[in-house]
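These notes are about the structure you will find just below.
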Amino acid sequence: MRSIERFIDEALSGSGLATRGAFALEAGEGLEGFSSGVLIGHLGGTFWPIFRAWHAAHPGIADPLDAWSKAIIGDVAHDVQKRAVFPSDKPHLPFQRWAARAEGLKHGPLGVLMHPQAGPWHAYRGAILFEQPLEAGPPQKDRLAAHPCDMCAAKPCLAACPVNAVSPDRFDVEACRAHLASPEGAPCMTGGCLARNACPAGGGFRYSAEQQAFHQAAFSAG
Ligand code: B12
Ligand code: SF4
Ligand code: SF4
């Protein structure tokens, strides 16, 4: 691991977030003057109890997970005097492309990148950008690691959605949202996406029902 990633990880300790690898920026990604970045996110629900306590102390705040991520990662970026960017920034920045570059991950039918250990149970909360290219570090342990979907013959995610929103190459956002808004969508709203939960990959990293209900509420609200 590069020294800057180690420094960022130390600064993030106690937040439940961690670095998720470094990536080179490419031309056309709209971030003139920057060459590289370090991704920040989580595997499983490591941040959930910490975020929940913060949320309880900040009731009524809009988009609380984005606000918490900006507070935590913004402080670290301030410490290293660099710019922080976030998945919620508009126009949207290509976080999944950066993650594919940083961690060698590929998409599965659920539309999320599949992690070799955590399966679909992980996400990105921000990135810190650098003007200079980051020096080459040692090879990432998980880089270009096996893609869980390639080893999943049964593909239960494709059969578990009651409205067939999940298919090998497309996620039907409209069908999913319509189901979530109907009374029949209650199980997906309270316990999480049935298709994501049918996935055998990353079982030990599965989010709690409470965390899944929080994400589903945010997703269905648009
Ligand atoms: C807009 C958005 C949505 C929209 C529309 C998604 C869409 N399919 O277009 C809605 C609200 C529907 C949505 C839903 C969800 N999202 Co969303 N979303 C985003 C957001 C904010 C912007 C995406 C974007 O347009 N980026 C800009 C383009 C230029 O960037 P990009 O890296 O090139 O990303 C595109 C490609 O990777 C492309 N892609 C490339 N190959 C493939 C292959 C397949 C099969 C698919 C489906 C897509 C795909 O998909 C992206 C465009 O949508 C990103 C955060 C971000 N800034 O990227 C999160 C993000 C992609 N979402 C995420 C998640 C977790 C979800 C949900 C599971 C939410 C939940 N309930 O927890 C659902 C599931 C949706 C699904 N099954 O696809 C995570 C994915 C993490 C991961 N492990 O990969 C992200 C990265 C946010 C985060 N904080 O980590 N999302
Ligand atoms: S069920 Fe199988 S194909 Fe579907 S996302 Fe999980 S590992 Fe991939
Ligand atoms: S949340 Fe429910 S409706 Fe949407 S894709 Fe998952 S299983 Fe299907």
When every residue in region 172-203 that is within 14 Å of ligand 2 (Cβ to nearest atom) and not in a loop (DSSP other than H, G, I, E, B) is compared, the one surrounded by the most Cβ atoms within 10 Å (Cβ to Cβ) is Arg196
Every listed condition ((1) within 16 Å of ligand 2 (Cβ to nearest atom); (2) touching a strand residue (DSSP E or B) at 6+ places or on another chain (Cβ under 8 Å); (3) in contact (Cβ under 8 Å) with a residue 12 or more places away in the chain) holds for Ala102 save (1)
Picked from region 9-22 (must be modelled with pLDDT of 95 or more and in a strand (DSSP E or B)), the residue surrounded by the most Cβ atoms within 10 Å (Cβ to Cβ) is Arg20
* Restricting attention to region 94-105, does a residue exist that is modelled with pLDDT of 95 or more, part of a loop (DSSP other than H, G, I, E, B) and either closer than 28 Å to Ser208 by Cα or of a type in the set (D, E, K, R) (or both)? -> yes
If we keep only residues of region 204-222 that are within 16 Å of ligand 2 (Cβ to nearest atom) and either touching a helix residue (DSSP H, G or I) at 6+ places or on another chain (Cβ under 6 Å) or assigned to a helix (DSSP H, G or I) (or both), then the residue modelled with the lowest pLDDT is Gly204
Scanning region 200-219 residue by residue, those within 12 Å of ligand 3 (Cβ to nearest atom) and touching a Gly at 6+ places or on another chain (Cβ under 8 Å) turn out to be Gln212, Ala213, His215, Gln216
Checked pairs for region 128-155, first within 16 Å of ligand 2 (Cβ to nearest atom), second of a type in the set (Lys, Arg) and at pLDDT 95 or above, C-beta under 9 Å and 6 or more apart or across chains, list as Cys149/Lys155
Can you spot a residue in region 44-66 that is over 30 Å from Asp172 (Cβ atoms) and touching a strand residue (DSSP E or B) at 6+ places or on another chain (Cβ under 8 Å)? yes
Here the residues within region 30-55 that are in contact with a Leu (Cβ under 8 Å, 6 or more places away or on another chain), of a type outside the set (A, V, I, L, M), surrounded by fewer than 22 Cβ atoms within 10 Å (Cβ to Cβ) and assigned to a loop (DSSP other than H, G, I, E, B) are Gly30, Phe34, Ser35, Thr46
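The values are calculated or read from the model by the stated rules, or taken from the named source; none is laboratory data. Predicted model, so just to flag it, every value in this text is computed and none were measured. Here Cβ is always computed from backbone atoms with ideal geometry, including for glycine, and neighbour counts include all displayed protein chains.
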